[in-house]
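The values are calculated or read from the model by the stated rules, or taken from the named source; none is laboratory data. What you see is a predicted model, and the numbers here were worked out from it, not measured in a lab. So basically every Cβ, Gly included, is an ideal-geometry build from the backbone, and we count neighbours across all protein chains shown. SASA here: full protein model, heavy atoms, side chains in, ligands and nucleic acids out. Shrake-Rupley method; radii C 1.70, N 1.55, O 1.52, S 1.80 Å.
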Amino acid sequence: FLFVPAVEVKIEVVIPEKERNKEEMSPNGKASPLIYKVNGTARHYHLEEHPIASSPYHNPKDMVEASVCHVKDLENGQMREVDLGCGKALLVKESGEFHAVGHKCPHYGAPLVKGVLSKGRVRCPWHGACFSIGTGDIEDFPGLDSLPRFQVKIEKEKVYIRASKQALQTQRRTKMMAKCISLSNYNLSSTNVLIIGAGAAGLVCAETLRQEGFSDRIVMCTMDRHLPYDRPKLSKSMDSQPEQIALRPKEFFCTYDIEVLTEMQVAAVDIKSKIAVFKDGFKMEYNKLLIATGNTPKALSCKGKEMENVFNIRTPEDANRVVKLATSKNVVIVGASFLGMEVAAYLAERAHSVSLVELEEVPFKKFLGERVGRAVMKMFESNRVKFYMQTEVVELREQEGKLKEVVLKSGKVLRADVCVVGVGAVPATGFLKQSGINIDSKGFIVVNKMMQTNIPGVFAAGDAVTFPLALRNNKKVNVPHWQMAHMHGRIAALNMLAHGTEISTVPYLWTAMFGKSIRYAGHAEGFDDVVIQGDLDELKFVAFYTKSDEVVAVASMNYDPIVSKVAEVLAAGRTIRKRDVE
């Protein structure tokens with residue numbers, strides 16, 4: 001499509017209330033956590049019997065065929081949601097050809113008909129995932145699964161779709177994956193690929209290797225007790241249980257021979273002998289290494305910071321415990337970060353009081369600008385959240401060993417039964433200090449466009465890296481977003497297999513508070529102006545972030561699919577000028 005801002009900005013899509021609520025639901029229901037426990041020194045990586053893979057040949061009784069429209073009903077570049085009686089599909093016409101794929105984004109179920117179609121792919125209106133209309137394959141993230149693809153035929157000027165009932169019902173498709181050729185021959189203390197960290201980057205790396213036919217051993221290790229889970233949920237939906245937010249069920253890891261060592265911390269990496277040394281002394285040899293350790297939350301530095309009932313939200317257990325302790329009690333949140341604000345929003349109707357302490361004068365000022373920050377702050381204040389801005393915590397006071405009060409630099413004393421700290425994070429790379437792997441002054445691992453470090457065979461991905469961002473003339477940046485971690489993991493895997501693939505994605509993120517979402521695409525670090533269209537007071541706006549004459553990022557509330565639209569323009573390498581959006 002052509003970007004004609006005067007027209008495009010006015011696009012308005014009203015999501016029905018029931019669709020809007022679905023957005024914050026779990027991606028794939030419940031899954032049971034599998035934990036490969038490490039017992040003493042005798043480590044048994046015993047894999048369960050493989051479930052039988054589902055056959056790609058559909059039972060004829062499972063197939064349905066229906067006439068869905070006349071060939072002239074759709075123009076080129078149009079999409080339509082069509083009903084086949086036992087489920088829906090997305091019908092797309094591009095360059096004179098019809099394609100049919102699943103109609104819901106497998107990530108959180110967004111209706112793709114409300115997304116953006118451009119050059120053979122459709123982009124989700126909520127969180128920016130992209131799918132090929134020809135194959136259904138996922139091309140940009142978040143989410144792990146692809147769309148099912150359905151057969152289309154034209155007969156007597158009518159368009160027919162033939163599909164399996166099962167695919168119409170599940171609306172997701174896991175790409176074909178290889179398995180390990182023979183696990184029984186392995187030396188337990190050596191692996192072909194070792195992945196340190198089991199977040200989105202680590203999991204997508206392992207899955208991509210299997211999708212590309214890699215059939216050697218893959219071991220992931222994590223300090224967490226759980227299999228990979230949907231970390232953004234910890235602050236958005238705090239009472240989620242680990243099995244509800246698992247990214248893949250336990251059986252998946254067994255089926256595709258992806259071994260996960262939980263509660264295992266790497267203490268050092270010896271790059272010369274290609275060995276990772278664990279905290280308990282266990283050593284593992286590797287051929288290729290991915291470091292995807294993410295970051296570590298910063299702690300407070302004031303008196304009383306070690307006290308009970310003071311939390312960094314790092315695990316599902318932390319989030320669950322905070323909800324339990326905060327119910328009908330006084331909560332103080334330190335830091336108006338995305339995490340701090342999401343926690344405040346979640347607890348506002350559960351706690352007796354929620355107070356938020358922040359050094360800046362407005363939340364999100366550096367990220368979203370002062371005007372958007374103020375509008376968000378007003379929304380919070382109307383939901384009983386009290387702000388204490390341009391001050392900091394100097395002391396936490398206790399009574400009988402439990403938190404009682406939070407003392408601010410301004411002299412104000414706040415009642416507090418629970419304190420949540422969201423004052424930023426640092427990369428979890430301390431264990432690499434003596435390794436010879438290139439780390440910058442802030443602790444980030446430096447990688448190139450192929451996610452390679454300065455050491456051959458060693459890759460890094462996710463929140464702990466700086467990488468060249470094509471969108472900003474290959475400036476080295478750190479982008480600690482969920483979508484970006486997925487893409488890093490994919491690029492790292494492809495380059496472990498020597499594909500020579502470079503990263504070129506547009507950063508995309510979202511935050512959810514009080515049932516409303518802010519979507520954001522681009523990279524606006526150092527922006528010098530914000531052009532706002534719409535109404536900030538009504539929380540229905542789009543904000544364009546500019547640097548000199550160029551739009552470098554966009555944010556919106558209640559203005560879908562504008563952010564996905566701008567992301568597609570930027571992904572095509574096109575420049576949007578400030579005058580185009582004013």
Gap separating the Cα centres of segment 536-550 and segment 261-301, nearest whole Å: 42
Lysine pairs meeting the criterion (Cα under 19 Å, 8 or more apart or interchain), as found in segment 61-170: 20
E75, E81, reordered so the largest accessible area comes first (probe 1.4 Å): E75, E81
Trypsin sites (Lys or Arg not before Pro) lying in DSSP loop within segment 522-582, provided at most 16 other Cβ fall within 10 Å: R574
Accessible surface of Y229 - all protein chains present, 1.4 Å probe, nearest 10 Å²: 10
Contour excess over end-to-end distance, with Cα ends at K324 and K153 and 0.36 nm allotted per residue: 56.0 nm
For I313, distant residues with modelled amide H under 5 Å away: V421
Linear extension gain, R80 paired with R579, 0.36 nm per residue minus alpha-carbon span: 176.3 nm
Length gained when the stretch R314-D440 is fully extended (0.36 nm per residue, less Cα-Cα span): 42.9 nm
Anisotropy class of the chain from Cα gyration tensor, a/c 1.5 cut: oblate
Accessible area of segment 61-170 divided out per residue, in Å², using a probe of 1.4 angstrom: 41
Within the accessible area of segment 310-423 (1.4 Å probe), percent carbon and sulfur: 46
Estimated vicinal HN-Hα couplings, Hz - segment 226-241 in sequence order (Karplus 6.51, -1.76, 1.60; Gly, Pro = x): 10, 5, x, 9, 7, 4, x, 5, 4, 9, 8, 9, 5, 9, 5, 7
Whole-percent carbon and sulfur share, accessible surface of segment 61-170, 1.4 Å: 42
Between segment 488-506 and segment 67-121, the alpha-carbon center distance in angstrom: 29
Two-site label geometry, N187 and V64: point separation in nm, points 7 Å out along Cα→Cβ: 5.5
Free-standing Cys, the chain [no other Cys Cβ under 4.7 Å]: C69, C86, C130, C180, C205, C221, C254, C302, C419
FRET efficiency for K272 and M307, using Cβ-Cβ distance with R0 set to 35 Å, rounded to 0.05: 0.20
P(r) of segment 61-170 over all Cα-Cα pairs, binned every 10 Å from zero, in whole percent: 16, 51, 29, 4
When each of K449/K516; K298/K476; K298/K433; K303/K516; K274/K475 is checked by Cα-Cα distance, pairs over 25 Å: K449/K516; K303/K516; K274/K475
